[in-house]
Amino acid sequence: MNKKVIIEKNNSIAYEYLINNFASSGIKFKLKKSYTFIFFEVEVDSNQCDSFLKFVAKSIILSHKYQSIISAFDEVEYTFANVACLAALLYFDLDGEVGQVIDIIKDKETISVEGTFNFKLNDMSEEWEELKNIGEVLVYNESEQDIYNVINFLMSNRNSDKSLFLAQYPDILLANVSDGVMVDNVKLYKNDDFNLINTVIAESPTELIIEKNQIKGSLYECLSKLVKVKVL
């Protein structure tokens, strides 16, 4: 079946997310661009339909939720703890939110990323405002250890029985050892360390397996506070 996804040209988060994950999952697409919009013309077979809907739904949520929460961090230094805090807020209740979006878009041939959010999901902004307020309290008033305690509490609601293996860092090739597939590729930052922290929190694994000397210092300390790190 043929589908079309429309995004505004300045929505780099949705654009990069769809490009990377369509390509990695074998979903065929062509791009067309106008002055204002980018159009994905997508070929989806019956085996790819669920993945297609999940990717589009996530692109809608992540690109809008990130912009709602990020303002809490405008005037603070981007330390590993603060990046982890932002990620924990971003992925809080993400599965439920993605499910709501899929229910809206599943029967549509043409899906507008911005239109779907603005006309069908705008009430989510109020809930995200509460998450932004939590972020402000944490990064301006609490210690780093307190931040990690809240992050682990938020992650505890999403813990999954999976192990991730990190290969060829900083390329961030993360494989889910439990089922042998690569994890979703989400790049929110130009900093590879920040993207790794974000991805680990997004997946919320029980353990992260790394090769010896692959990650050191403060990044290793940060990851060890988020997940059990096993060194080969």
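The values are calculated or read from the model by the stated rules, or taken from the named source; none is laboratory data. The model shown is predicted, which means the values in this text are computed figures rather than measured ones. Using ideal geometry, Cβ is built from the backbone for each residue, glycine included, and neighbour counts are taken over all protein chains shown. Areas reflect the complete protein model, heavy atoms only, side chains present, ligands, DNA and RNA absent. Shrake-Rupley method; radii C 1.70, N 1.55, O 1.52, S 1.80 Å.
Annotation: the antiparallel percentage among DSSP beta bridges lying fully within the chain is about 65. Say a paramagnetic label sat at a point 7 Å from the Cα of SER125, along Cα to Cβ; which residues of the stretch 63-84 have their backbone N under 17 Å from it? Correct set: 63-72. Relative to the longest principal axis of the Cα atoms of the chain, the long axis of helix 12-24 makes an angle of roughly 80 degrees. Helix 217-226 and the longest principal axis of the C-alpha atoms of the chain enclose an angle of approximately 70°.
Secondary-structure-derived ellipticity at 222 nm for the chain, considering helices only, amounts to -16500 deg cm²/dmol, per-run term -39500 (n - 2.57) for DSSP H runs with n ≥ 4.
Computed log10 I(q)/I(0) for the stretch 104-158 at 0.16, 0.27 Å⁻¹: -0.68, -1.03, from the Debye equation with unit scatterers placed on every C-alpha and solvent omitted. Using every pair of separate Cα atoms, the Kirkwood estimate puts the hydrodynamic radius of the stretch 6-58 at 11.3 angstrom.
Applying the Karplus relation 6.51 cos²θ - 1.76 cosθ + 1.60 with θ = phi - 60° to the stretch 105-117 yields 3J(HN,Hα) values of 9, 4, 9, 8, 7, 10, 10, 9, 4, 6, x, 4, 5 Hz, where x marks Gly and Pro. At q = 0.15, 0.18, 0.24 Å⁻¹, what log₁₀ I(q)/I(0) does a Debye calculation on the Cα points of the stretch 164-232 give, no solvent, two decimals? Scattering profile of the stretch 164-232, log10 relative to I(0): -0.41, -0.60, -1.16. Shape descriptor for the stretch 67-167: Rg over Rh equals 1.03 (Cα atoms; Rh from the Kirkwood inverse mean 1/r).
Annotation: amide H of GLU142 has no partner in the under-5 Å range at sequence separation 5 or more or interchain, hydrogens built in the peptide plane. When the listed pairs LYS132/LYS162; LYS162/LYS212; LYS187/LYS212; LYS9/LYS162; LYS3/LYS190; LYS108/LYS162 are checked against a 27 Å cut-off, the alpha-carbon distance exceeds it for LYS132/LYS162; LYS9/LYS162; LYS3/LYS190; LYS108/LYS162. Taking every protein chain into account, the accessible area of the chain amounts to 51 square angstrom per residue (probe 1.4 Å).
Scaled against the 2.2 N^0.38 Å expected of a compact globular protein of N residues, the Cα radius of gyration of the stretch 120-227 reads 1.17.
Cross-link partners for LYS28 among the aspartates and glutamates, with Cα-Cα distance under 18 Å and sequence neighbours closer than 8 places in the same chain left out: GLU16, GLU41, GLU43, ASP45, ASP50, GLU109, ASP184. Grouping the Cα pair distances of the chain into 5 Å bins from zero gives a pair-distance distribution of 1, 6, 14, 18, 19, 17, 13, 8, 4, 1, 0 percent in increasing distance order.
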